[in-house]
1. Give me the number: length gained by fully extending TRP147 to SER66, i.e. 0.36 nm times residue separation minus the C-alpha to C-alpha distance, one decimal in nm.
2. Would you calculate the separation in nanometres between label points at ILE405 and ILE442, each defined as 7 Å from the Cα along the Cα-to-beta-carbon direction?
3. So for the pair CYS279, ASP199, with labels modelled 7 Å out along Cα→Cβ, what separation do we get in nm?
4. On a 1.4 Å probe surface of the protein chains, which of ASP94, ASP439 comes out largest in accessible area, and what is the full order?
5. What full-extension length gain, to one decimal in nm, is calculated for ASN383 and LYS115 as 0.36 nm per residue of separation minus the Cα-Cα distance?
6. With no solvent and one equal point scatterer placed on each C-alpha of segment 46-129, evaluate the Debye formula and give log10 I(q)/I(0) for q = 0.15, 0.17, 0.21 Å⁻¹, two decimals.
7. If I take R0 = 56 Å and measure r between the Cβ atoms of ALA397 and GLU89 in this structure, what FRET efficiency does the formula 1/(1 + (r/R0)^6) give, to the nearest 0.05?
8. Using a 7 Å offset from Cα along Cα-Cβ at LYS100, what residues in segment 40-73 end up with backbone N under 20 Å from the label point?
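The values are calculated or read from the model by the stated rules, or taken from the named source; none is laboratory data. Just so it is clear, the structure is predicted and the values come from calculations on it, not from any experiment. Here the Cβ is made from the backbone with ideal geometry for all residues, glycine too, and neighbour counts use every protein chain on show. In case anyone asks, the SASA skips ligands and DNA or RNA and just uses the protein heavy atoms, side chains included. Shrake-Rupley method; radii C 1.70, N 1.55, O 1.52, S 1.80 Å.
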Amino acid sequence: ESFSSVKFFLSLYRFQACVYFASVFQAMSCGIHYLASVFMAVTPNFVCGFPGNVSSVLFHNSSASSIEDIWTLWTSTENYIVVQLENGEIWELDQCSRSKRELGLDLAYEYKGNKSVFPCSDGFLYDDTKWKSTVVTQWDLVCDREWLAKLIQPTFMLGVLIGAVIFGDIADRLGRQRVIWFTSAGQFVFGIAVAFTFDYYGFVIVRFLLAMVSSGYLVVAFVYVTEFVGIKARTWASMHVHAFFAMGIMVVALVGFLVRTWWVYQIFLSIATLPFVLCCWMLPETPFWLLSEERYEDAQKVIDTMGRWNKVNSPCKVSELCSVQQDDLASGRTGDDDTSSTKKHNILDLFCNWQIARRTITVWLIWFTGSLGYYVFSLSSVNLGGNEYLNLFLIGAVELPCYIIACIAMDKLGRRNTLIPFLILSALICVLIMFIPQDFNILIILANMAGKFSIGVAFGLIYLYTAELYPTIVRSLAVGSGSMMCRVGSVVAPFCVYLRSVWIFMPLLLVGIMALLSGILTIMLPETLGKPLTNTLVEATEMGRSKKSCSEKTPPAHSGAALEKIEMFGQERVSTGK
């Protein structure tokens, strides 16, 4: 088998371990930029500004000489502050308007007389006890400009969606190495550039470009590491790319706690993975891609380098692999007529019959639900009460064991039998959180961590499960379309979080309903544990109808080709769920 020797050679560990950890280290930067807005775009307490110098401030029964002393007493957005200026004027300051009292010179909180209402033409006063500066306070993204602040995260996620499509295609055309170089440097350059933008629109545009390169790196790094590790380690290696993403979330919490000015915070986040940017130029191209492009000399150089690192005396020769591959192609031409003709497949092939169509709808729903739940739990963590920095850190930390559990469970219990209980469990946790009293902060935080854990397990294994549910001819199409649904979920998630203003439990209700529906529909999916990958849509359909292994229905003459396609699966363009 032409690529079996490559698989065996790539199963050696020293070289692959160095490449793997160097590549996934930069995945932390993706997690950093994806969640950076939770502190950078926070809206502190605020009221309208006033024209003049203040002499005294009144808030309910408490008086002070400056508004800064009042913020500790602020409990609701419906409150207002009464100030008396040095010229004797008395103003009532709401969040989005201010009123000048026409009569009465006595400073009192309650007033029944006439008032003249004015807009906030003198700007706003912000509570800077927690955050010295955010993008909201920088450009007054409140009141009638509040919608601009709410677009910061969705526009970033839109960039994530577009970047995954663009850079995934470029990586197939120009190679993984070049895209990793460009996107790594792009994350650093655009990350620093965000801190020095001078207006809101420039900020959003640069963040959009940052999202594109971050998503591009995550997609290509996922492909890159799966092409360098052996098949036995592929599941664990691909799953733990997500773990480094989670570590990036933990870095956001730590830097947010230490730095309270948004542009300094952004600079520190951007330089967190600078060491990788400086050394990523040493990463080699993958032998799989070089062989697919018929760059045999370059592939041989990489294989020789791997041989030296792994202390292999006689590394495999590309010339030998090519001769075997030519023999396979020659024998393939004398085989069935079906294998000599190729057909271009499109999205409609995922709905070719009722069995496959139902499978596609269910898989898409799981991708969407996983992404929606992942980001709803992550983005909502800073609103749970208590220490918001610790909350976000714990929400990121809980992902680390969840991927280990996912890897063990999917190999012991099966893909479907792991997915169903964790999806239903996440739905039950969403319902449970609704019944926890709001003053039980610790219990609420623990329940949210459990929800993030359960949705993280489901989210982590859906990529591999999708790849196993579909045949070789549409596998990349199925995974790619599922990834698109995932990113639609990530775009919708911020808007879902904003529904807290309608009802505090509305985001959890939506996630719970979607998770329950996904868990029920997953029951109809076939189990793929221990079954070979299918090659045709007919085989994939039969896998859903029969309890027997597909290997019992596959003619022996095709077993070699099937194995080659399994090994070549690492060469297909794939994309991570983030």
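1. Answer, rounded to one decimal: 26.2 nm.
2. Each label point lies 7 Å from its Cα, and together they span 2.1 nm.
3. 4.3 nm
4. Accessible-area ranking of ASP94, ASP439, largest first: ASP439, ASP94.
5. Contour length minus the Cα-Cα distance gives 92.9 nm.
6. The Debye formula, applied to the Cα set alone, gives -0.47, -0.61, -0.98.
7. With R0 = 56 Å, the Cβ-Cβ based efficiency is 0.60.
8. Of the residues in segment 40-73, 47-58 have backbone N under 20 Å from the label point off LYS100.
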